[in-house]
Each structure stands twice: as structure tokens, then as C-alpha cells.
Amino acid sequence: MTRRFSYWALGAPAMLCVLGVLYVSPAQRACAQQSQAADAALVALVARGDYLAKASDCAGCHTAVGGPAYGGGLGLTSPFGTIVSSNISPDKRYGIGAFSYEDFARSVREGVSPGNKRLYPAMPYASFSKMSDDDMRALYAYFMHGVKPVPEPAPPTKVPFPFNQRWVLYFWQQLFAPKEPYRPKPERDAQWNRGAFLVQGPGH
């Protein structure tokens, strides 16, 4: 009797441990399913953001010749001087990795980055303003989760006075930069409206 009890005493904890590992509660199962659904949703959102980034040619302006993708440093010629594109990779120090969604959306659609820094209209925010909140969230997900960080600063833009006074851009933005997303024309079909959005918005 004593021997049987000792075997039970030794074996029961191990058996309970195994059963505890194998048993998954309904709450744990639901949590795992929710996590898988969230992962799938993020993958789909990043894929949509990748599509929008390509439609907007973000890499074309924000990648220097021979440089890392979205690391900035490409010189854009303008009547006011050369404007150098910024690092828009998710690096938190030199890129936009520290941007909140609101920071990102305001920069892309309104041309105002954190710190109330006005962006030159070489960044076509007047066109990107036509993107919806859903578009912005997809782009944000792509840049935060689908792009490799570039831990290098882009060269600063240096233009002569008075064009180096960015606060003056406030008045230009008020006069010429729209802030309304694209509104589909009800008299046109979905395909026409999609084309108009791509041409007037991302395609700038």
C-alpha cells in the first residue's frame, strides 16, 4: 500500500503537469484565434500600403541613386533651389519611426511634420490629400512594418533666403493645398472613379 501510494505521489504531479500543458482553455483558444486574425489583418494592411506606396512612387523621390530604399537624400530641382528628400524609413532617430499615425497623416496630406515644420510642395501633399483615412492607415502600416529602417540622416535642404523660411509656406498651403479626400462622382462607375483617384491622388 505504501509503495503504491509512493508511485502515485511521484506520478500524479507529472501527469497533471502533462495534462496542464496539453489542455487549452476556451479563453486561451479564443485569444490565439484573435491573435492570428490580427496578424492576418496586419499582413493585408501592409500589402495594401505597399500597393499605395508604389502608386505614389514614394521610393522614386525618397531613395538616392544607389542608396537604401526610403533613406532619402535625392536632390529635387526646383526654381527655388535643390530640395533634398527626407529619410522616410521607420528608423526612430533619422526617419519617421517615432511618428504617430496622426503625425504621419498630417505630414502626407497637409505637408506639416512634427514640430509644425512646413514641407516644401516638392512633397505632393496637395495630391495626397485625396487619400482617405483607410489609405493613410495602410501606408502607415507599410512604412512601420514593411520597410527596413535606414539609420542614416539625409542631407539637409539648403535653399537661399527667403525660401528657407518655411513658415511662409503656411500661406501657400492655405491658398493652394486642398484638404479634402477624393469624393467619387455618383454619375461615374467604380472603375472610372478608381482611375480618377489614382491619377489625381497617388499618381500626382
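Every number in this text was worked out from the coordinates using simple rules, so none of it is lab data. From a predicted model like this one, the values you see are computed outputs, not experimental measurements. Glycine gets a Cβ as well: all are built from the backbone with ideal geometry, and neighbour counts include every protein chain shown.
Using a cutoff of 8 angstrom between alpha carbon atoms and counting only pairs six or more residues apart, the relative contact order for the range 73-174 works out to 36 percent. When each of the peptides 182-192, 152-162, 57-67 is scored by the mean number of other C-beta atoms lying within 10 Å of its residues, the order from highest to lowest reads 57-67, 152-162, 182-192. Under 1.5 on a/c is rounded, so check that first for the range 87-204, then, if it is not, pick prolate when a/b is larger than b/c and oblate when it is not; a ≥ b ≥ c are the square roots of the alpha carbon gyration tensor eigenvalues. The shape class here is oblate. As a quick test, which of the pairs LYS148/LYS185; LYS54/LYS179; LYS54/LYS130; LYS54/LYS92 have an alpha carbon distance above 27 angstrom in this structure? Flagged as over cut-off: LYS148/LYS185.
GLU102: net charge of surrounding residues, Cβ under 12 Å, Lys/Arg +1, Asp/Glu -1, itself excluded? Provide the component values of the computation, followed by the final result.
Details: positive: ARG106, ARG109, ARG137; negative: ASP103, GLU110, ASP133.
Here the charged neighbours net out to 0.
Stretch ALA38-SER100 to full length: gain in nm at 0.36 nm per residue minus the Cα-Cα span?
Working: separation 62, 0.36 × 62 = 22.32 nm, distance 1.97 nm.
Full extension from ALA38 to SER100 adds 20.4 nm.
Under a 5 Å amide H cut-off, with hydrogens placed 1.01 Å from N, THR82 pairs with nothing among residues at least 5 apart or on other chains.
Annotation note: chymotrypsin sites (Phe, Trp or Tyr not before Pro) in the range 49-89 located in DSSP loop regions with a Cβ neighbour count of at most 14 within 10 Å are PHE80.
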